[in-house]
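Chemist: My structure is below; once you've seen it, I'll send some questions.
Quick note: the coordinates plus some simple rules give every number you see, no bench work behind them. These numbers were taken from a predicted model, which means no experiment stands behind them. A quick note on method: Cβ atoms are made from the backbone with ideal geometry, for glycine too, and the neighbour counts reach across all protein chains shown.
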Amino acid sequence: MNAVASENQPEHTLPRWQRWLLPAVIGTEGAQRDAHGGTTVPRSARDWVVDFVMFGFALIVCFGELWTNHRNVGTTTFVIDSVLGVPCCGLVWVRRRHPLAVGWVAVACSMLSEAAGGAAIVALFTVAVHCQPRRTFQLASLAGLAGVTCGFLYVHGPSRFNFGTLFSWVVVTIAVVGFGSFVRARRELLLSLQERARRAEDEQHLRVREAQLAERARIAREMHDVLAHRISLLSVHAGALEFNPRASPEEIARAAGVIRVSARAAQEELREVIGVLRAGSELEDVQPPQPTIGDLPRLVEESRTAGMDVSFKDALEGRSLSPILGRTVYRVVQEALTNARKHAPGEVVTITLEGDSSAGVSVEVMNRPWVGQAAPADRDDGDHFESGMGLVGLTERVTLIGGRLLAEPLAGGGFRLSATLPWSETDD
């Protein structure tokens, strides 16, 4: 399936402006985390903004705590606070690549430094978003222990323990872990939906490819009997000339004319299927030769008998079209009538055939509601044109002879299926 998808569709990528507004791990296709939750995907514009905000938050907490503590703690404690707190702020910039390592270092430093508390909060949030819940719980437990140690080291006033510090650490830890877990769950949901959409698109391309191959194999089986008939005619008349050297000039000319016509017809049939025949195609279930444009009146009459209101305008009547062209016209009309009968029962169907040797053949089939009749409310406009596998094969057939197929909904209700085909007549 991946090989088919790579040949028939562009790489799955989001528009650039959407990638700017999404985390890089979501906006970049194929982004994966390593065993520790890290990723090497380049930051998106949104990631840079978030990192600047996080770094600014860590710096504000760091220098705010240093300003508060320089008057209330001893010199040694203040030096330790500064030496551990300021470098931890720089770790914010590598937290995406090494979230777990940064988390352990920052939270461990926060056990001895209140200035490292901002960086520790950012690191704990990152671990909650990128790492497994088990790792998050372990780091959250260490953060709670940091509240206890800081409560002993950074005492303001005559008391021996700062309960406010412990309470703040517990509340902030719970809030950060909860919000980080929510963000993680939301991202995993988005990634799963993204993967599901990618698989659905790959499967759709695969179904289209399978329909194309099935149509080509069917055309190959269809042409088996036709080519056998043409070649047998060539063999019979060539053999007659070989074993009857005393034939009259009129007989020789007549046989040569039959050979020429049969060879030309065989050449046209081969032109249709060249490149379609596949190695290993099974030809046991061979279908008889397909109908041509001369069978269209019978097809229209069958549709009318089935209850359809069909208007048939044939400007090509009396023109001798080649078998390939006539059969393709027949298939276009047949597919259009099938779609109209299936998806728009009760609507008026108009079939128009026209063309000449210079402009080619134009086939147009339209179905519209009766005057004053609204289109059915439960009909999905355009659905059978966009997703029907029958039109995939029909497009393949039309393209093989150099034509073009168009299927589109009409304003006010109804649909139109039209084909433009190159002109080709029989060589009488």
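Chemist: Would you mind checking which residues have amide H under 5 Å from Val361's amide H? H placed 1.01 Å from N; only 5 or more apart, or other chain.
Modeler: Here the answer is Leu421, Trp423, since their amide H atoms fall under 5 Å of that of Val361.
Chemist: Roughly what percent of Cα-Cα pairs across segment 123-180 reach past 15 Å?
Modeler: 48
Chemist: Further question on the same structure: 5 Å is the cut-off here: which amide hydrogens, built 1.01 Å from N in the peptide plane, fall below it relative to Phe415, excluding neighbours closer than 5 in sequence?
Modeler: Here Asn367, Leu410 satisfy the definition.
Chemist: Give the order of Thr173, Thr305 when sorted by the count of other beta carbons within 10 angstrom, beginning with the fewest.
Modeler: Thr305, Thr173
Chemist: Filter the GluC sites (Glu not before Pro) in segment 305-355 to those in DSSP coil with at most 14 other Cβ atoms within 10 Å of their Cβ, and list the result.
Modeler: Filter output for segment 305-355: Glu317.
Chemist: In a shell of Cβ-Cβ distance under 15 Å around Leu66, excluding Leu66 itself, what net charge do Lys and Arg (+1) and Asp and Glu (-1) give?
Modeler: That sum, taken over residues with Cβ under 15 Å, equals -2.
Chemist: Then there is this: Summing Lys, Arg as +1 and Asp, Glu as -1, what charge do residues with Cβ under 12 Å from the Cβ of Trp104 carry, Trp104 excluded?
Modeler: +2
Chemist: Ok, one more. Skipping prolines and chain starts, which residues have an amide H placed within reach, meaning under 5 Å, of the one on Leu321, given they are 5 or more residues away or on another chain?
Modeler: Here the answer is Thr426, since their amide H atoms fall under 5 Å of that of Leu321.
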